[in-house]
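Student: Would you mind keeping the following structure in view while I ask a few things?
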Amino acid sequence: MDKNLQEEFTQIIKFKPPLHKQRHQFVKDLVEKYKPKKVADLGCADCSLLWMLKFCSCIEVLAGLDICADVMKEKMHTLSPLPVDYLQPSERSLTVTLHHGSVAHKDPCMLGFDLVTCIELIEHLEESELRKFPEVVFGFMAPSIVVISTPNSEFNPLLPGVMLYRHPDHKFEWNQAQFQSWALETARCYDYSVEFTGVGHPPTGMEKVGFCTQIGVFVRKYPQTGESVQSEKPTAAVHKTVFKAVYPSLKDEKYLQNAVIGEVIFTAQIIKHRLMSKREEYGDDPERKSKFQPSVNCFSDYLGKLVVEKNMEPFFSGNEVYVPLATIFSFPKVNRLCGTFEKLCKLIAGKVPLSSDSSAVIFNIEHENEEN
Ligand code: SAH
């Protein structure tokens, strides 16, 4: 490369967003495209990619592996559920686990993943580890997709201050031909296809140099059924689990029950308030009683096409307001949470004050009347 041209570029090459963010965004886009449920990040370092992936709603199992426990532990707390996760449990389940160990070793905890990411990992591997890596990832783990990124050494002359390698821990850096021949041979051996791409565009006029980070996306050509394959691969555990977080989920009956109780009371309160304000508006004249039955008008936005029967209407009885469960069940959020009316009844039984026939939520409004 022309020395002057090179110098000119080394002054101006600055990736926006920074390259590491572009690499992680690339993985996120891949997740959004393929919607894997189980994702393992090998060489996860400070867990920043895992942190980003925990927000992808398709993912139910996330695992990280790194040979350096200290670097993983530094920020692993960011993978723990937050108070808001307990206040509003998600509909999906999510388990995040971190393992301490090497990608050169097989461990049963690394089985069953749909997507395996190896971002800027392979160039950190010793020769002997790199030799074992394909058998562990493509032979043993055998996920449907593997994404591998690594520096493209052809880009190095354009980067300011890079003498031999981009990082002192790199054991090698490959040019495009070297990476592609290793990737094609690996794909051939383990029956995968591979496509090459990258992040960090070269300057205009220097396209031949290729991306700053080269990426191979491997897709398994043969189908695989999880459990049969796992049982065929007995192997002793060698990795150590250093972190595990199980996120609260509505799939867990305990969280679902809390959410349903909260939503039922909230919905019943809305209905009760509307009923009471109608009564205030029309007074307590029995002849005009029908006017403060909230019925369809009040809830038309919620009830949609639902046919509201007479027994779904809330009513007063002395100091009590009765809000039929059937009405509450017709509200979309309650309906979605419970699925069936029977499930709603089961989840709230004994937790919410109900009429003697269990068909309505009861509120005592004696004190509310006093305040008014
Ligand atoms: N994937 C990270 C950066 C990785 S840096 C990111 O996207 O930002 C390389 C990581 O690989 C380091 O954390 C290093 O500790 C880890 N590593 C090196 N050799 C390893 C091995 N044999 N097995 C597992 N992890 C390894």
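Student: When you look at LEU65, is it surrounded by 13 or more Cβ atoms within 10 Å (Cβ to Cβ) and away from the ligand (no atom under 11 Å from the Cβ), yes or no? Let's see the steps before the verdict.
Tutor: Values: surrounded by 13 or more Cβ atoms within 10 Å (Cβ to Cβ): yes; away from the ligand (no atom under 11 Å from the Cβ): no.
So LEU65 fails the test.
Student: Against the condition within 29 Å of SER57 (Cβ to Cβ), assigned by the TED database to the domain that holds GLY64 and away from the ligand (no atom under 13 Å from the Cβ), how does THR117 come out, does it pass? Working first, answer last.
Tutor: Numbers: within 29 Å of SER57 (Cβ to Cβ): yes; assigned by the TED database to the domain that holds GLY64: yes; away from the ligand (no atom under 13 Å from the Cβ): no.
So THR117 does not fit the description; no.
Student: Let me ask you something else. If you go through region 75-90, how many residues are β-branched (Val, Ile, Thr) and touching a residue at least 12 places away in the same chain (Cβ under 8 Å)? Can you show your working first?
Tutor: Residues of region 75-90 that are β-branched (Val, Ile, Thr), as a first pass: 78, 84.
Going one step further and asking which of them are touching a residue at least 12 places away in the same chain (Cβ under 8 Å), we end up with 78.
Adding up the residues that qualify gives 1.
Student: Do we have any residue at all in region 98-112 that's part of a helix (DSSP H, G or I), under 28 Å from LYS171 (Cα atoms), at pLDDT 95 or above and within 16 Å of the ligand (Cβ to nearest atom)?
Tutor: Yes, some residue in region 98-112 is part of a helix (DSSP H, G or I), under 28 Å from LYS171 (Cα atoms), at pLDDT 95 or above and within 16 Å of the ligand (Cβ to nearest atom).
Student: Let me ask another. Out of the residues in region 142-176 that are hydroxyl-bearing (Ser, Thr, Tyr) and not in a helix (DSSP H, G or I), which is nearest to the ligand (Cβ to nearest atom)? Explain how you work it out, then say what you get.
Tutor: Initially, region 142-176 is screened for residues hydroxyl-bearing (Ser, Thr, Tyr), giving 144, 149-150, 153, 165.
Cutting the leftovers down to not in a helix (DSSP H, G or I) gives us 144, 149-150, 165.
On the way: SER144: 20, SER149: 8, THR150: 10, TYR165: 13 Å.
Within region 142-176, the match that is nearest to the ligand (Cβ to nearest atom) is SER149.
Student: Which one of these is within 14 Å of the ligand (Cβ to nearest atom) and either outside the structural domain of THR117 (by the TED database) or not in a loop (DSSP other than H, G, I, E, B) (or both): ASP41, ASP29? Lay out the reasoning, then the answer.
Tutor: Details: ASP29 fails: within 14 Å of the ligand (Cβ to nearest atom).
Going through ASP41, ASP29 in turn, just one is within 14 Å of the ligand (Cβ to nearest atom) and either outside the structural domain of THR117 (by the TED database) or not in a loop (DSSP other than H, G, I, E, B) (or both): ASP41.
Quick grid of which residues meet (1) hydrophobic (A, V, I, L, M, F, W, C); (2) part of a helix (DSSP H, G or I); (3) more than 9 Å from the ligand (Cβ to nearest atom); (4) touching a Pro at 6+ places or on another chain (Cβ under 9 Å):
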residue: ASP46; (1), (2), (3), (4): no, no, no, no
residue: MET52; (1), (2), (3), (4): yes, yes, yes, no
residue: PHE55; (1), (2), (3), (4): yes, no, yes, no
residue: ILE59; (1), (2), (3), (4): yes, no, yes, yes
residue: LYS73; (1), (2), (3), (4): no, yes, yes, no
residue: ARG92; (1), (2), (3), (4): no, no, yes, no
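The values are calculated or read from the model by the stated rules, or taken from the named source; none is laboratory data. It should be emphasised that the depicted structure is a prediction, and the values quoted were computed from it without experimental measurement. Here Cβ is always computed from backbone atoms with ideal geometry, including for glycine, and neighbour counts include all displayed protein chains.
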